[in-house]
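*Asks:* Could you have a look at this structure, given as structure tokens, before my questions?
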Amino acid sequence: MRAKPGATRAVPQAEFTLRVNKTEYPLRVDARVTLLDALRDRLGLTGTKKGCDQGTCGACTVHVEGKRVLSCLMLAAQCDGRDVTTIEGVGTDEQLHPVQEAFVRHDGFQCGYCTPGQIMSALGLLSEGRTGTPEEIREYMSGNICRCGAYENIVAAIREAAGDHDETL
């Protein structure tokens, strides 16, 4: 059955609670809204960046239930009742997280656009125990692109945060 010319279709709505950085936010949004857009446009949490909006750059990496996810590929409604952590939930202005400190010490950022996603991915990498060698770090961070090319510094920062200070590898 075809819609009549000029007829509008009802946009499906989703009503749920988004728990981000230990704060609950009741939302009513178009059911097709991504987690990325809900974070940025509805909650004002703009630390998570929109890069490619296709899941290929990693700039939008956040954690859902402690696991790394690309927030541009996940619907916000899928996070109902789940813990979401964004870069705003990591460290504070007064006390950076050790990974953030390592990124600063090793200049693991250039323009800074990819840095939130890089840090969230690095935190996931550390919790997954995937920091054995520089090659392993590169492999498991390969979904996060840095257009400025700070990869060596990012690897050094992650190695430091993992407790590996041997700079000769």
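*Asks:* About the Cα centre of region 1-72, what is the dipole size in debye to 20, counting +1 per Lys and Arg Cβ and -1 per Asp and Glu Cβ, all else neutral?
*Replies:* Around 160 debye, computed over region 1-72.
*Asks:* Order the peptides 111-120, 83-92 from the highest to the lowest mean number of other Cβ atoms within 10 Å of their residues.
*Replies:* Going from most to least packed, we get 111-120, 83-92.
*Asks:* Using the Kirkwood formula on the Cα atoms of region 13-89, what hydrodynamic radius do you get, in angstrom to one decimal?
*Replies:* 12.0
*Asks:* Just to be sure I understand: of the beta bridges DSSP finds with both ends in the chain, what percent are antiparallel, rounded to 5?
*Replies:* 90
*Asks:* Still on this structure, I have one more. Among the aspartates and glutamates, which have Cα under 18 Å from the Cα of LYS4 when same-chain residues fewer than 8 positions away are ignored?
*Replies:* none
*Asks:* What does the net charge come to around CYS111 if you take all other residues with beta carbon closer than 14 Å to its beta carbon, with K and R at +1 and D and E at -1?
*Replies:* +1
*Asks:* Run through every distinct alpha carbon pair of region 98-161 and return the Kirkwood hydrodynamic radius in angstroms, one decimal place.
*Replies:* 11.2
*Asks:* Within a Cβ distance under 10 Å of CYS79, other residues only, what is the Lys/Arg minus Asp/Glu net charge?
*Replies:* It works out to a net charge of -1.
*Asks:* With r defined as the distance between the Cβ atoms of VAL104 and ASP83 and R0 fixed at 35 Å, what FRET efficiency is calculated, to the nearest 0.05?
*Replies:* Step by step, r from the Cβ atoms, then E = 0.85.
*Asks:* Can I ask one more? Take the Cβ-Cβ distance between GLN13 and VAL64 as r, set R0 to 25 Å, and report the resulting FRET efficiency rounded to the nearest 0.05.
*Replies:* 0.70
*Asks:* While we're on this one: For the Cα atoms of the chain, what angle does the longest principal axis make with the long axis of helix 151-161, in degrees from 0 to 90, nearest 10?
*Replies:* For helix 151-161, the angle is close to 80 degrees.
*Asks:* Here is a further query. Can you find, among VAL69, GLY51, GLY89, the residue farthest towards the positive end of the dipole of region 46-169? Put +1 on the C-beta of Lys and Arg, -1 on that of Asp and Glu.
*Replies:* GLY51
*Asks:* Something else now. For region 1-77, which GluC sites (Glu not before Pro) pass both filters: DSSP loop (anything but H, G, I, E, B) and at most 14 other C-beta atoms within 10 Å?
*Replies:* Listed in order of number, the matching sites are GLU65.
*Asks:* Ok, one more. About the Cα centre, and with charges only on the beta carbon of Lys, Arg (+1) and Asp, Glu (-1), how big is the dipole of the chain? Nearest 20 debye, please.
*Replies:* Rounded to the nearest 20 debye, it is 1180 debye.
*Asks:* Further question on the same structure: State whether the chain is rounded, prolate or oblate according to the following rule on the C-alpha gyration tensor (a ≥ b ≥ c being the square roots of its eigenvalues): a/c under 1.5 gives rounded; otherwise a/b larger than b/c gives prolate, and the remaining case gives oblate.
*Replies:* In terms of gyration-tensor shape, prolate.
*Asks:* What net charge is computed for the residues neighbouring LEU36, neighbours being all others with C-beta under 10 Å from the C-beta of LEU36, Lys and Arg scored +1, Asp and Glu -1?
*Replies:* 0
*Asks:* Determine the gain in length on full extension of the stretch GLU94-ARG147; use 0.36 nm per residue of separation and subtract their C-alpha separation, reporting nm with one decimal.
*Replies:* Using 0.36 nm per residue and subtracting the Cα-Cα distance, I get 16.2 nm.
Taken together, the values in this text are just the output of simple stated rules run on the coordinates, not laboratory data. Everything numeric here is computed off the predicted structure, so don't read it as measured data. Glycine gets a Cβ as well: all are built from the backbone with ideal geometry, and neighbour counts include every protein chain shown.
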